[in-house]
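A.B. asks: Let me give you the structure first, and then I'll get to my questions.
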Amino acid sequence: MRRKVIVSAMAVAVTALVGALGVTHRFPSKPASAAAPAVPTVPVVAGTVNSGDVPIYLQGVGTVIAYNTVIVRSQIQGQITKINFSEGQTVKTGDLLAVIDPRPYQAQLDQANANRSRDEAQLTNAQANLKRYTTLGNQGWATPQLVETQQAQVKQLQAAIKADEAAIEWAQTQLSYTQLTSPIDGVTGIRQVDIGNIIHPTDPNGLVVVTQLEPISVIFTLPETSLPQIQQHLANGALKVEAYSQDNTMKLDEGSLDFIDNEIVQTTGSVRFRANFPNKDHKLWPGELVNAWLLLDTRNDGLTVSASAVQQGPQGPYVYVINADSTVAVRPVKVAQVSGGQALIDSGLSAGEQVVIDGQYKLQPGIHVTILHGKAAQEAAAQAAQQMPIP
């Protein structure tokens, strides 16, 4: 009896389990809805197209040339007894640089003065005798020959005095040469002669080289194709020229175009130009290589964008423009010039548009972008500027 009860209970349990499984099979649980796939985005640094007055430059490489460079040489031979300058010193015209032993030349001057005094005394006596002989000749006590001889002696002594005065002037000139002075305003170079040495007029290096630094000039070259444009603007007035260091990071001075060479260099197809600079701070140094920026014109309401935004493709330069929906599009542009890290755009962009200035290598037309801001954008922009070649 007990066994029948146990079997019945097991049968009920099995039946209930099967029913539960059937219900589960016929009414499966509803799966959770799948999440929408995320749209891929690319982080970029953006820049804005600006509008304003943009200077138009022509850039060339030039060499700084001193206006005057003088080798200070002695015109007489003698021993240097005094040096009155330091190497690298700024001097003015007439400043004393060195002294040659003046004693031999002072002695020559003293002798010439003495000769003149002697001849002047003899002339005074000869003139007195001529006066007496003339009076006696008028009274018949002196012959005409005696009077004429005395007249000739007076003239001879007068000529001797003139020769003495010429000798004095020559001796004074020689004595003045014992003081070596600067013939120009400038800066002294390395001294070539020390105190105690004998200096000669034939010494090839002289005493020292004095170089004029204020003002100074820069001779630079530009392609011959730019010559008509320069001449056209030059007809309206002087053109400003700015001198920059070789890496274009430091402005050295501002000057003006002074001269255009009278021929074209056939081997390079270029024209030489000269610009003058006041050089008050002595940032331009003779022999230095600099970049010369010739200002031709100023474009009003010119469009500029960071030069790193401009990319080169098979069809020419282009930029990535950021649309309102954060997608990018390729926009061909025409670049007028690249200067100071900014590109002047002739066509293809409008003021206020946003363009990608860093991160282009990950982009394709239509892709979504995320614009970086703050420190991340500054670091990316700085890295792009370092990698960008200097125009």
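A.B. asks: Which of the residues that make up region 62-74 are surrounded by 14 or more Cβ atoms within 10 Å (Cβ to Cβ) and either of a type outside the set (D, E, K, R) or assigned to a strand (DSSP E or B) (or both)?
C.D. replies: Passing the criteria: G62, T63, V64, I65, A66, Y67, T69, V70, I71, V72, S74.
A.B. asks: Quick one: in region 265-291, which of the residues that are closer than 11 Å to D253 by Cβ and not hydrophobic (A, V, I, L, M, F, W, C) is least open to solvent (accessible area, probe 1.4 Å)?
C.D. replies: N279
A.B. asks: Here is a follow-up. Against the definition (in a loop (DSSP other than H, G, I, E, B) and within 30 Å of G366 (Cα to Cα)), how does A324 come out, yes or no?
C.D. replies: yes
A.B. asks: Which residue out of A329, A336, A324 is among the hydrophobic types (A, V, I, L, M, F, W, C), more than 26 Å from T249 (Cα to Cα) and either open to solvent by 60 Å² or more (accessible area, probe 1.4 Å) or in contact with a Lys or Arg (Cβ under 9 Å, 6 or more places away or on another chain) (or both)?
C.D. replies: Just one listed residue meets the conditions, A324.
A.B. asks: Of the numbered conditions (1) buried (at least 18 other Cβ atoms within 10 Å of the Cβ); (2) under 30 Å from S217 (Cα atoms), A307 fails exactly one; give the number of that condition.
C.D. replies: It is condition (2) that A307 fails.
A.B. asks: Can you name every residue in region 232-260 that is on the phi > 0 side of the Ramachandran plot and more than 10 Å from the chain's Cα centre (by Cα)?
C.D. replies: G237
A.B. asks: Could you please let me know if L97 is open to solvent by less than 70 Å² (accessible area, probe 1.4 Å), in a helix (DSSP H, G or I) and of a type in the set (A, V, I, L, M)?
C.D. replies: No; evaluated as a whole, the condition is false for this residue.
A.B. asks: Could you go through region 104-111 and let me know if any residue there is among the aliphatic types (A, V, I, L, M), touching a residue at least 60 places away in the same chain (Cβ under 8 Å) and over 24 Å from A163 (Cβ atoms).
C.D. replies: no
A.B. asks: Within region 254-264, which residues are within 14 Å of G62 (Cβ to Cβ), surrounded by fewer than 17 Cβ atoms within 10 Å (Cβ to Cβ) and hydrophobic (A, V, I, L, M, F, W, C)?
C.D. replies: Hits for region 254-264 are F259, I260.
A.B. asks: Residue check: is I345 open to solvent by less than 80 Å² (accessible area, probe 1.4 Å), touching a Phe, Trp or Tyr at 6+ places or on another chain (Cβ under 8 Å), of a type in the set (V, I, T) and within 26 Å of E224 (Cα to Cα)?
C.D. replies: No.
A.B. asks: Name every residue in region 235-253 that is touching a residue at least 24 places away in the same chain (Cβ under 8 Å) and surrounded by 12 or more Cβ atoms within 10 Å (Cβ to Cβ), in order of residue number.
C.D. replies: L239, K240, V241, E242, A243, Y244, S245, Q246, N248, L252, D253
A.B. asks: Within region 327-356, which residues are at pLDDT below 90 and either closer than 17 Å to G47 by Cα or out of contact with any Asp or Glu (no Cβ under 6 Å at 6 or more places or on another chain) (or both)? I'd like the intermediate steps shown before the answer.
C.D. replies: So in region 327-356, the residues at pLDDT below 90 come out as 336-342.
Passing the criteria: Q337, V338, S339, G340, G341, Q342.
The values are calculated or read from the model by the stated rules, or taken from the named source; none is laboratory data. Since the structure is predicted, the reported quantities are computational estimates derived from the model, not experimental observations. Note: ideal-geometry Cβ built from the backbone for every residue, glycine included; neighbour counts use all protein chains shown. Note: accessible area is taken over every heavy atom of the protein model, side chains too, but ligands, DNA and RNA are not part of it. Shrake-Rupley method; radii C 1.70, N 1.55, O 1.52, S 1.80 Å.
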